[in-house]
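Read the structure below first, then the notes.
Here, each number is a calculation from the coordinates, and none is a lab measurement. Predicted model only: the values in this text are computed from it and were never measured. Heads up, the Cβs are rebuilt from the backbone with ideal geometry, glycines too, and the neighbour counts pull from every protein chain shown.
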Amino acid sequence: MEAHKDPARTLVYVGIEPTVRDKARIPAIARAWKPWRTRFPLCSKWEPPRTKGELLQEARALGVAPPRLYELGFSHNNCGGTCVRAGMRQWRHLLDVMPDRYAYAEAQEEGLRRLLGPVTILRQRRKGVARPLPLAELRRAHQAAPMLPDERETPPVDRDELMNEEVC
């Protein structure tokens, strides 16, 4: 951005959601974008409340193409779809729409496991007991029983114990 926009005359809009957890991230995000000024329109009390969908529609009306992940059905535009904070539902969706990116993350996780032991991005909870859930295991389970298209747009359904959305 330095080559194209003057920080004194440019605002950076960051689309994080108005949850307590996301609002707590605002100071760190603003510091990371310095010297540009930041705005968080989904969280700001000074701007009219707008949904992410409304903001994406406004961007399209202005000729700005939304990030590709939204067009691919992701609810967030984080980390190219491979966010370590994502739940199983998003990881299964990534496997469906970008299997090469999933494979890369799976390989990276396996390499980390070789170095550090049984650490994983995901964990599975059964009867109150959590255990590491490697991406390779999630892939095998998903390939055996893939999500239906409508499961990607609605809250997860407890059709099996792998549907628990938890991250470590």
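Here are the numbers for this structure:
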{"item": "Whole-Å semi-axes of the chain's equivalent ellipsoid (Cα gyration tensor)", "result": "33, 19, 16"}
{"item": "Mean projected area in nm² (Cα convex hull; one quarter of hull surface) for the range 9-51", "result": "3.1"}
{"item": "Span from the the range 7-55 Cα centroid across to the the range 126-142 one, whole angstrom", "result": "34"}
{"item": "Normalised per residue, the volume of the convex hull around the Cα set of the range 77-135 (Å³)", "result": "79"}
{"item": "The range 49-61 - phi-based ³J(HN,Hα) in whole Hz, Karplus 6.51/-1.76/1.60, Gly and Pro as x", "result": "x, 9, 7, 4, x, 5, 5, 5, 5, 5, 4, 4, 4"}
{"item": "The chain, helix-only ellipticity at 222 nm - DSSP H runs n ≥ 4, -39,500 (n - 2.57), divided by all residues, nearest 500", "result": "-11000 deg cm²/dmol"}
{"item": "Burial ranking of peptide ranges 22-33, 92-103, 64-75 (average Cβ count within 10 Å, highest at the top)", "result": "92-103, 64-75, 22-33"}
{"item": "Nearby lysines by direct alpha-carbon distance to Lys5 (threshold 29 angstrom, same-chain neighbours under 8 apart not counted)", "result": "Lys23, Lys34, Lys45, Lys52"}
{"item": "Equivalent ellipsoid semi-axes - Cα gyration tensor, the range 19-106, angstrom", "result": "26, 18, 13"}
{"item": "Paramagnetic reach from Asp6 (point 7 Å along Cα→Cβ, amide N under 16 Å) across the range 13-46", "result": "35-37"}
{"item": "Ordering of 48-54, 11-17 by burial proxy (mean other Cβ atoms within 10 Å per residue, highest first)", "result": "11-17, 48-54"}
{"item": "J(HN,Hα) series, the range 126-143, from Karplus relation 6.51 cos²θ - 1.76 cosθ + 1.60, nearest Hz, glycine and proline x", "result": "10, 6, x, 10, 9, 9, x, 10, x, 4, 4, 5, 4, 4, 4, 5, 5, 5"}
{"item": "Peptide ranges 134-146, 107-119 listed from the most packed, as the mean C-beta count within 10 angstrom indicates", "result": "134-146, 107-119"}
{"item": "Cut-off under 5 Å, modelled amide H: who pairs with Arg39 long-range", "result": "Val12, Tyr13, Val14"}
